[in-house]
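The values are calculated or read from the model by the stated rules, or taken from the named source; none is laboratory data. Since this is a predicted model, take the numbers as computed values, not measurements. With ideal geometry, Cβ positions are generated from the backbone for all residues, glycine too; neighbour counts draw on all protein chains shown. These accessible areas exclude ligands, DNA and RNA; they are computed on the full protein's heavy atoms, side chains included. Shrake-Rupley method; radii C 1.70, N 1.55, O 1.52, S 1.80 Å.
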Amino acid sequence: MQKYSVFSLIKNAFKGHKDWEVAWKDPTPKSEYDVIIIGGGGHGLATAYYLAKEHNITKVAIIEKGWIGGGNVGRNTTIIRSNYMHDENGLFSEFGMDLWRNMSQDLNFNVMFSPRGIINLAHSDAQMNAYSRRGNSMRLNGIDAVLLNREEVKKIIPMADFSENVRFPIFGGLMQPSAGTARHDAVAWGYARQADSMGVDIIQNCEVTGFDISNGKILGVRTSKGDIKAKKIGLCVAGSTNILAEKLNMTLPIETHLLQACVSEPIKPILDNVVTFGAGHFYCSQSDKGEMVMGGDLDGYNSYAQRGNLPTLQHVLTEGIAMFPFLSKLKMLRTWGGIMDMSMDGSPIIDKTHIDGLYLNCGWCYGGFKATPASGWTFAHTIAQDRPHELNEGYSLNRFSTGHLIDEKGLGTKTWIS
Amino acid sequence: MLHIKCPHCGLRSQNEFSYGGDATIKRPELNKEVSDQDWDNFVYLRKSPRGKHLELWQHISGCRQWIKVERDTLTHEIFKTLKANEEL
């Protein structure tokens with residue numbers, strides 16, 4: 001594989017950029033693989049990469065219905081953080097933060113990881129107490145957390161509404177300085193390029209139409225490009241999880257919902273951090289191009305539409321304007337919607353299933369992007385060793401029936417309530 | 001924007017309603033032995049189909065009645081609305 005560096009860039013510039021190798025091949029599927037990963041998004045590509053890198057399993061195929069990186073990894077708000085209270089989420093995400101910090105070097109692909117810090121704003125004394133508790137829990141798990149008072153927040157984001165007569169005054173905030181953002185497409189492409197170079201077949205425009213199962217054991221998949229045998233199959237299909245589960249006669253603790261996000265026209269640098277509104281659900285950062293990247297609530301009803309409705313967008317942006325009044329002056333450049341695999345406790349599932357050789361990776365709700373490396377790493381371990389790693393033991397499929405839920409937000413099963 | 005025809009009030013905008021989830025889920029019968037699996041099915045497991053979906057909505061900013069809506073989860077087309085005690 002051609003190494004990307006400033007020297008290869010200069011060399012290729014003299015040749016008019018005509019001699020670059022393709023970043024990944026376009027192979028026809030073989031008749032059999034050791035492992036098939038269904039879903040060529042961030043999580044699927046990362047899983048294939050870590051299967052090859054950590055477990056020396058290279059007879060692997062990624063089967064993608066559309067094109068790689070065309071799903072939620074291509075349309076998220078790029079936030080990376082590990083500011084969770086529960087041990088399962090905190091330790092898992094912080095393991096991921098280490099992978100993020102080294103990702104550009106590891107993949108030889110600039111993923112533009114930018115640890116600019118995230119601030120969750122608090123708007124009452126009670127919320128400050130809750131943040132103080134969460135911050136302490138984070139620090140016990142080795143995650144950086146700083147509780148900021150009103151004046152400290154004002155120094156960092158003076159453009160927020162600090163006037164006295166507002167409905168939700170800013171009392172302070174909880175900051176994770178090591179959190180940040182990354183270039184989402186680069187993450188998918190970086191993993192794809194490295195996986196391909198280690199022998200993984202990336203098969204695009206290939207839809208899975210069914211599964212070949214005998215005596216409770218998986219034997220292969222049926223696809224639009226023919227039947228493919230495999231000893232092990234991993235599902236990494238996010239919002240399409242329920243559709244494939246139906247083909248497997250499985251009913252899962254997952255509902256598929258719609259989430260919108262949007263970007264404004266580009267403006268000069270104003271916001272250095274990721275900031276979230278604490279009296280509702282709104283988050284905002286500024287991209288390197290200058291666009292304000294914003295998102296918030298789910299639309300709130302089951303949907304596979306990949307496009308949203310305006311009332312939710314209006315609601316979300318009302319919260320944004322309450323936090324940053326200057327946003328009201330901006331023109332909207334682009335809005336989009338994607339479908340989320342909402343689990344019944346808001347935490348993901350990375351586990352084996354009752355079918356021998358079939359593994360499940362789903363339930364990422366609206367927090368899948370930041371989990372990409374840790375999810376791929378632990379899912380690869382789960383597939384290779386046929387048992388979960390201690391980092392994803394808590395993300396079991398049967399935790400719902402045994403009562404070991406990881407209900408970070410305390411919302412219960414009503415995933416559409418934000 | 002969704003336009004939902006409340007069986008009590010007529011056609012209203014989505015803003016007046018709040019969502020209540022899958023309407024086909026049945027609570028296990030009271031005063032009878034409930035297996036863990038039955039309870040699991042009721043509380044956690046959802047088909048979440050792509051296509052026709054019968055769901056509960058509440059006309060929260062209108063008559064406050066719970067209603068059933070048959071809606072396509074891919075196209076958002078609404079086929080039918082029913083009172084809560086009516087079956088398809």
Of the candidates A:A48, A:A61, A:A23, the one satisfying the condition of being hydrophobic (A, V, I, L, M, F, W, C), within 30 Å of A:R222 (Cα to Cα) and open to solvent by 10 Å² or more (accessible area, probe 1.4 Å) is A:A23
Count - residues of the range B:73-88 that are more than 9 Å from chain A (Cβ to nearest Cβ), closer than 26 Å to A:D341 by Cα and in contact (Cβ under 8 Å) with a residue 12 or more places away in the chain: 2
Per the list (1) under 25 Å from the mean Cα position of the chain (by Cα); (2) crowded, with 24+ Cβ neighbours inside 10 Å, residue check on A:V221 breaks on (1)
Which members of the range A:224-247 meet the condition of being closer than 29 Å to A:W416 by Cα, more than 10 Å from chain B (Cβ to nearest Cβ) and open to solvent by 10 Å² or more (accessible area, probe 1.4 Å)? A:C236, A:V237, A:A238, A:L244, A:K247
Pick from the range A:397-413 the residues that are of a type in the set (G, A, S) and within 12 Å of another protein chain (Cβ to nearest Cβ): which of them is surrounded by the fewest Cβ atoms within 10 Å (Cβ to Cβ)? A:G403
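If you take the residues in the range B:1-17 that are part of a strand (DSSP E or B) and more than 8 Å from every other protein chain (Cβ to nearest Cβ), which one is farthest from A:Y301 (Cα to Cα)? Can you show your working first?
Here is the first cut: in the range B:1-17, the ones part of a strand (DSSP E or B) are B:3-6, B:10-13.
In the following step, the residues that additionally are more than 8 Å from every other protein chain (Cβ to nearest Cβ) were identified as B:3-6, B:10-12.
Working: B:H3: 14, B:I4: 13, B:K5: 16, B:C6: 17, B:G10: 21, B:L11: 18, B:R12: 17 Å.
Top of the filtered list is B:G10.
Sort out which residues of the range B:59-74 are in a loop (DSSP other than H, G, I, E, B), open to solvent by less than 70 Å² (accessible area, probe 1.4 Å) and out of contact with any helix residue (DSSP H, G or I) (no Cβ under 9 Å at 6 or more places or on another chain), and write them in order of number.
Step one: list which residues in the range B:59-74 are in a loop (DSSP other than H, G, I, E, B), which gives B:59-65, B:73-74.
This time we only want the ones that are open to solvent by less than 70 Å² (accessible area, probe 1.4 Å), so: B:59-60, B:62-63, B:73.
Answer for the range B:59-74, where residues must be in a loop (DSSP other than H, G, I, E, B), open to solvent by less than 70 Å² (accessible area, probe 1.4 Å) and out of contact with any helix residue (DSSP H, G or I) (no Cβ under 9 Å at 6 or more places or on another chain): B:C63, B:T73.
If you take the residues in the range B:24-37 that are within 11 Å of chain A (Cβ to nearest Cβ) and not β-branched (V, I, T), which one is nearest to B:L88 (Cα to Cα)?
Taking the range B:24-37 and keeping what is within 11 Å of chain A (Cβ to nearest Cβ), we get B:25, B:35-37.
From what's left, not β-branched (V, I, T): B:35-37.
Details: B:S35: 28, B:D36: 29, B:Q37: 27 Å.
Restricting to residues being within 11 Å of chain A (Cβ to nearest Cβ) and not β-branched (V, I, T), the top hit is B:Q37.
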Which of the residues belonging to the range A:201-218 are exposed (fewer than 14 other Cβ atoms within 10 Å of the Cβ), part of a strand (DSSP E or B) and in contact with a strand residue (DSSP E or B) (Cβ under 9 Å, 6 or more places away or on another chain)? A:T209, A:G210, A:K217
Looking at the structure I just gave you, is A:F324 away from chain B (no Cβ under 14 Å), touching a residue at least 40 places away in the same chain (Cβ under 8 Å), more than 20 Å from A:G42 (Cα to Cα) and not polar (S, T, N, Q)? yes
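For every residue, the table says whether it meets (1) in a helix (DSSP H, G or I); (2) crowded, with 19+ Cβ neighbours inside 10 Å; (3) touching a Gly at 6+ places or on another chain (Cβ under 7 Å).
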residue: A:N129; (1), (2), (3): yes, no, no
residue: A:R134; (1), (2), (3): yes, yes, no
residue: A:G142; (1), (2), (3): no, no, no
residue: A:D161; (1), (2), (3): no, no, no
residue: A:E164; (1), (2), (3): no, no, no
residue: A:M175; (1), (2), (3): no, yes, yes
residue: A:S178; (1), (2), (3): no, yes, no
residue: A:A188; (1), (2), (3): yes, yes, yes
residue: A:A195; (1), (2), (3): yes, yes, no
State the number of residues belonging to the range B:40-58 that are part of a helix (DSSP H, G or I) and within 8 Å of chain A (Cβ to nearest Cβ). 3
Residue tally, condition surrounded by 16 or more Cβ atoms within 10 Å (Cβ to Cβ), among the polar types (S, T, N, Q) and farther than 16 Å from A:G300 by Cα, over the range B:35-58: 1
Need the failing condition index for A:H315 against (1) without any contact (Cβ under 8 Å) to a residue 40 or more places away in the chain; (2) away from chain B (no Cβ under 14 Å); (3) farther than 26 Å from B:P49 by Cβ; (4) surrounded by 17 or more Cβ atoms within 10 Å (Cβ to Cβ), just the number. (2)
